[in-house]
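Below is one structure, written out as structure tokens; the observations come after it.
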Amino acid sequence: MAGVNLKSVVKRFGNVVAVNKIDLDIPDQGFTVLVGPSGCGKTTTLRMIAGLEELDEGEIYIGDKLVNDVPPKDRDIAMVFQNYALYPHMDVYNNMAFGLKLRKFPKSEIDQRVKEAATILGIQELLNRKPKQLSGGQRQRVAVGRAIVRHPKVFLFDEPLSNLDAKLRVQMRAELSKLHDRLKTTMIYVTHDQIEAMTMGDQIVVLKDGLIQQVGSPLDLYNKPANKFVAGFIGTPSTNFVEVVVKKEGDNLFLDGQTFRIRIPDEHRSLLEPYVDREVTWGVRPQDIYDAAVSHDMVREGENVIDTQVDVIEPLGSEQIIYLTAGPHTLVATLDMQTVTEVGAPLKIVVDIPKTHVFDAETEKAIF
């Protein structure tokens, strides 16, 4: 087993800096997820750890060993790709055994490792089948099994579930999480899907434009985003962002949104004092918005209530996503089915203020 350490790692493609001085500690036996939009540098980072891309600057350690000049086959890592990459002419058994045969492992040990991995993944009955006889989920299990038989120090997953349908993706997420709990091996997982990141990772690394935006546990990123990008990327539906002006009346501070005013809790007042009469960005998650007619106990008139109009309703059975207009602003709210409304109707909403965030309009860093 081994942790992975990246020190000031840089990768350029011509004039484009794909990865920009990344410093990252990936703990031994942890499940770390690299997440971000397309082009953020997550797959490039994974490929540099694997040795498939050369670094332009910096150092990568696997365990205590500097691996900058170590070829991929000698890094003691196993990688699972998006496209499975199974040999079509070989059955499942030989697909899983192929890497061990190349390394001249004894037949008895190969047989033991393949059958052990097949048992872990529940594919014992598939060992004699060819890839074309397997479903997408079964092929993905074989690809994972081919990695497991190696007994590597580190597993690398490059968007392995993106070719699967929605239901199977949910199932395979759970399977990979259980696999990590069983093997206790360091796993690094790349995805653009923040739901995969939130449900699978012990540690999440959010990337944008080759830079790390924040590293933390799923709940840390959700509850304490470091900046506007992280707040908008983590969570679904995405966070509402509203441009407001900080106003002061007596000892109280308010967020002025033209058609509404929100009073700032006393514990955050000192953080916003420097921003009086300046524009800031207010971030509100859809889950922290409630129907005032249903949530009577939360209503504090003049402090956290907003008058809106309903634009679109998306019923999802147990809840409904409602798109709202409040003056020049648009909001998305996730409300339960107790709220009965229709398009064009007025709706008074109440906001759970302590769970909202305020960001500097220029730097986009979180004020609180």
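The values are calculated or read from the model by the stated rules, or taken from the named source; none is laboratory data. What you see is a predicted model; the values in this text were computed from it and never measured. Every residue, glycine as well, gets a Cβ built from its backbone with ideal geometry; the counts of neighbours run over all protein chains shown. SASA here: full protein model, heavy atoms, side chains in, ligands and nucleic acids out. Shrake-Rupley method; radii C 1.70, N 1.55, O 1.52, S 1.80 Å.
For Y87, indicate whether it is in contact with a Pro (Cβ under 8 Å, 6 or more places away or on another chain) and open to solvent by 20 Å² or more (accessible area, probe 1.4 Å). In short, yes.
Of all the residues in the stretch 266-292, those that are over 30 Å from M337 (Cβ atoms) and of a type outside the set (S, T, N, Q) number 14.
Just so you know, in the stretch 301-316 the residues that are in contact (Cβ under 8 Å) with a residue 12 or more places away in the chain and not in a strand (DSSP E or B) include one that is farthest from the chain's Cα centre (by Cα), and it is G302. Selection within the stretch 348-368: residues that are of a type in the set (D, E) and touching a helix residue (DSSP H, G or I) at 6+ places or on another chain (Cβ under 9 Å). The member of this set that is most open to solvent (accessible area, probe 1.4 Å) is E364. Looking only at residues in the stretch 326-347 that are open to solvent by less than 90 Å² (accessible area, probe 1.4 Å), modelled with pLDDT of 95 or more and assigned to a strand (DSSP E or B), which one is farthest from D291 (Cα to Cα)? Here the residue is H329. Scanning the stretch 145-157 for residues that are of a type outside the set (A, V, I, L, M, F, W, C) and touching a Leu at 6+ places or on another chain (Cβ under 6 Å) yields one hit, G145. Of all residues in the stretch 273-300, those that are out of contact with any helix residue (DSSP H, G or I) (no Cβ under 9 Å at 6 or more places or on another chain), in contact (Cβ under 8 Å) with a residue 60 or more places away in the chain and under 18 Å from K348 (Cβ atoms) total 1.
Picking from residues in the stretch 140-172 that are of a type in the set (G, A, S) and more than 22 Å from K101 (Cβ to Cβ), the one that is nearest to the chain's Cα centre (by Cα) is S162. Taking (1) at pLDDT 95 or above; (2) open to solvent by 70 Å² or more (accessible area, probe 1.4 Å) in turn, Y93 satisfies each apart from (2). Going by what's in this entry, would V17 be described as within 26 Å of I234 (Cβ to Cβ), among the β-branched types (V, I, T) and in contact (Cβ under 8 Å) with a residue 60 or more places away in the chain? Answer is yes for this residue.
G250 falls short of the stated requirement of being at positive phi, out of contact with any Ser or Thr (no Cβ under 7 Å at 6 or more places or on another chain) and in contact (Cβ under 8 Å) with a residue 40 or more places away in the chain. Taking the criterion of being of a type outside the set (G, A, S), over 18 Å from Y189 (Cβ atoms) and surrounded by 20 or more Cβ atoms within 10 Å (Cβ to Cβ), the residues of the stretch 231-246 that qualify are T239, N240, V242, V244, V246.
Restrict the check to the stretch 263-274 and report whether at least one residue is part of a strand (DSSP E or B) and either of a type in the set (D, E, K, R) or open to solvent by less than 80 Å² (accessible area, probe 1.4 Å) (or both). So far as the stretch 263-274 goes, yes, one or more of its residues are part of a strand (DSSP E or B) and either of a type in the set (D, E, K, R) or open to solvent by less than 80 Å² (accessible area, probe 1.4 Å) (or both).
Scoring G137 on the criteria (1) more than 24 Å from the chain's Cα centre (by Cα); (2) within 19 Å of Q82 (Cα to Cα) leaves a single failure, condition (1). Please go through (1) touching a residue at least 12 places away in the same chain (Cβ under 8 Å); (2) of a type outside the set (G, A, S); (3) out of contact with any Phe, Trp or Tyr (no Cβ under 7 Å at 6 or more places or on another chain) for E362 and return the number of the only condition it doesn't satisfy. Failed condition: (1). For the residues R146, R182, R129, the requirement of being in a helix (DSSP H, G or I) and surrounded by 15 or more Cβ atoms within 10 Å (Cβ to Cβ) singles out R146. Going through the stretch 53-70 one residue at a time, which ones are surrounded by fewer than 14 Cβ atoms within 10 Å (Cβ to Cβ) and hydrophobic (A, V, I, L, M, F, W, C)? Matches in the stretch 53-70: L66 only. Taken over the stretch 189-223, the criterion of being open to solvent by less than 40 Å² (accessible area, probe 1.4 Å) and of a type in the set (V, I, T) is satisfied by V190, T191, I204, V205, V206.
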